[in-house]
Amino acid sequence: MTNLQQFFIVPFSRNIDYAACIHRKDLTVLFIPSSKIPTREEDCAQLFLKWDNLIKDRQNGQIKAKNKKTFTIYLVLSEQCNLKCIYCDILGKIDQRKNRSHMTWDIVKASMDIMHSRLIADTEVYAQIVFFGGEPLLNWPILVQTCEYLATQGMNNRIEKMLITNGTLINQEISLFLQKHKVYVVVSLDGRKSVNDSVRYKFNGKGSFDSATQGIKYLIDAIPNKFGISCTLGSHNVLSLSEEIIFLHEQFHPRSIGINIYHYQQDGKSPIQINDEILCQALLNVFKTTREKGIAIYQFLSVLKAFTNRQRNSDYCAACADKLLFTPQGRVGRCDALMFDERFSVSLQDFVSHSMPNNLDWSKFTPEHEQYCLNCAARWICPGGCVYDQLVRTGSLCGVETRRCNFYIRLLNEMLELVLEATLTTEQVTDILIPSQNHFNNVIGNIPLDFLTYIT
Ligand code: SF4
Ligand code: SF4
């Protein structure tokens with residue numbers, strides 16, 4: 001990749017005769033023969049100036065979507081879990097059945113008061129409440145009380161509710177309640193039974209697949225196609241990732257599947273650690289598969305929207321945007337993986353009486369501010385990395401993660417190649433190729449893009 005001050009030049013690996021030239025300011029794109037890549041700033045600027053009208057004409061069909069302002073609240077309803085997944089970065093290897101508490105109503109109520117104040121102060125803000133754990137369904141009465149309380153407060157049209165669960169405790173009563181209160185459910189499942197059960201199991205060593213899929217069956221009855229599956233990517237499923245995703249899609253028809261790259265544990269290692277190149281290749285293969293088969297991958301949504309609309313992706317980790325996490329001990333922090341680390345949280349009383357301390361303002365750790373990202377073409381589509389992973393790997397909150405960078409840089413390259421290939425099929429081949437909005441849209445393939453509108 002060659003970088004000029006105002007432009008990025010991206011060479012291709014498949015279509016080696018061409019390179020993409022991207023204007024940094026408005027992310028407009030030209031394709032130029034690789035033998036004629038301008039090396040001087042002014043020559044490149046001249047090129048864009050010359051074709052300015054045609055570029056505007058062809059690339060202005062996009063919808064410049066206004067980013068929704070979302071205030072995210074994580075309620076750690078329980079620190080206990082009924083599973084003992086090998087890679088859990090939150091509860092680690094501690095015996096999760098002992099000395100672990102459930103959240104009480106006074107903490108939930110305090111968090112709801114904070115949320116309501118925000119919604120009243122800014123009428124453009126939406127709130128997203130995430131019921132989290134441990135396993136949040138171990139504290140079912142408080143989840144019920146929270147939903148019933150919210151139903152009496154009259155702002156439900158600006159509040160989305162989400163439950164992140166291992167699925168093993170879902171029954172008919174629970175699924176019908178979640179349906180009634182429009183709670184979007186995300187169940188963790190890493191693929192087919194043998195793959196899932198090699199890393200996600202109970203304290204007696206029995207895999208979670210059968211219980212989790214039984215729970216999903218109740219969801220299929222109550223809220224068909226209105227729930228998600230979250231698949232953690234690691235050594236157990238990386239070599240068959242596309243097959244696992246196809247299986248989850250065809251078997252359960254979730255609205256979307258999230259692929260979460262494994263987090264490191266506190267020692268900076270992970271039992272499901274994989275080589276960066278293998279990880280990157282698996283994700284690129286999934287991108288190809290899901291384009292063909294029309295499978296909605298949660299993490300691709302913001303990437304595709306940013307790319308086709310030629311806007312920067314600002315779908316950063318919520319902890320770097322606007323997220324508060326409340327623990328059963330009454331601590332307030334940003335990041336779930338650091339919920340037990342008192343350096344990264346304050347007491348509820350301190351939070352209410354003072355503003356959040358500077359070390360908990362993580363807004364500076366996004367590609368928008370990271371020094372390393374400013375000269376990276378993939379900043380167009382990249383939502384940035386994970387501050388927690390960065391911390392446990394390097395001891396510093398700032399910086400970038402090679403494993404994520406590799407993927408976003410190669411994904412941008414792949415998407416530009418797809419635009420070029422679409423342009424070459426419809427345009428007369430000349431020195432300068434100017435893709436149209438339709439050529440950009442072609443990158444979406446069969447992936448449904450409306451899958452996040454889950455509030456019915
Ligand atoms: S790919 Fe890496 S360097 Fe580029 S914007 Fe993303 S985090 Fe930054
Ligand atoms: S910093 Fe990482 S672990 Fe923490 S909330 Fe963000 S993505 Fe999750």
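Any read-out appearing in this document is the output of simple, stated calculations on the displayed coordinates, not a laboratory observation. What you see is a predicted model, and the numbers here were worked out from it, not measured in a lab. Counting neighbours? That spans all protein chains shown, and the Cβs are built from the backbone with ideal geometry, glycine included.
For this structure, a couple of remarks:
- Cβ-derived FRET efficiency at R0 30 Å, ARG393 paired with HIS354, nearest 0.05: 0.45
- Extension gain, TYR372 back to PHE247 (0.36 nm per residue minus Cα-Cα distance, nm): 41.2 nm
- Fraction of beta bridges assigned by DSSP in the chain that are antiparallel (%, nearest 5): 40 percent
- The stretch 144-245: trypsin sites (Lys or Arg not before Pro) falling in loop per DSSP and having at most 12 other Cβ within 10 Å: LYS206
- Too-long pairs where the Cα-Cα distance tops 20 Å, listed order kept, from LYS25/LYS323; LYS161/LYS226; LYS226/LYS288; LYS323/LYS364; LYS69/LYS364: LYS25/LYS323; LYS226/LYS288
- Computed from Cα atoms, the angle from the helix 105-121 axis to the main principal axis of the chain rounds to 40 degrees.
- Between PHE7 and ARG24, the built amide H atoms are under 5 Å apart, and every one of these is 5 or more places off in sequence or on another chain.
- Under 5 Å from the amide H of THR28 lie the amide H atoms of HIS23, each residue being 5 or more positions distant or on a separate chain, with H modelled from the backbone and absent for Pro and chain starts.
- In order along the stretch 164-176, phi translates into HN-Hα couplings of 9, 9, 7, x, 6, 9, 6, 10, 5, 4, 5, 5, 6 Hz, rounded to whole numbers, per the Karplus curve 6.51 cos²θ - 1.76 cosθ + 1.60 with θ = phi - 60° and x for Gly and Pro.
- Relative contact order [Cα under 8 Å, 6+ residues apart], the chain, whole percent: 17 percent
- Acute angle (nearest 10 degrees) that the helix 241-252 long axis makes with the longest principal axis of the chain, alpha-carbon atoms: 60 degrees
- Mean ellipticity per residue at 222 nm, deg cm²/dmol - from DSSP H runs of n ≥ 4 across the chain, formula -39500 (n - 2.57): -11000 deg cm²/dmol
- Ranking CYS398, LEU418, GLY445 by how far each Cα lies toward the positive end of the dipole of the chain (charges on Cβ) leaves GLY445 at the top.
- Crossing angle, helix 41-50 versus the chain [Cα axis fit, 0-90 degrees, rounded to tens]: 80 degrees
- Taking Cα centre as origin and charging only the Cβ of basic (Lys, Arg, +1) and acidic (Asp, Glu, -1) residues, the dipole magnitude of the stretch 69-320 rounds to 200 debye.
- Cross-link reach list, aspartates and glutamates versus LYS180, counting only Cα pairs under 17 Å and skipping chain neighbours closer than eight places: GLU148, GLU160, ASP221
- In terms of surrounding Cβ atoms within a 10 Å radius of their Cβ, ILE170, ILE86 rank from fewest to most as ILE86, ILE170.
- Dipole of the stretch 152-293, positive direction: furthest Cα of THR152, SER194, GLY268, with charges on the beta-carbon: THR152
- About the centre of its Cα atoms, the chain shows a dipole size close to 460 debye [charges on the beta carbon of Lys, Arg (+1) and Asp, Glu (-1) only; nearest 20 debye].
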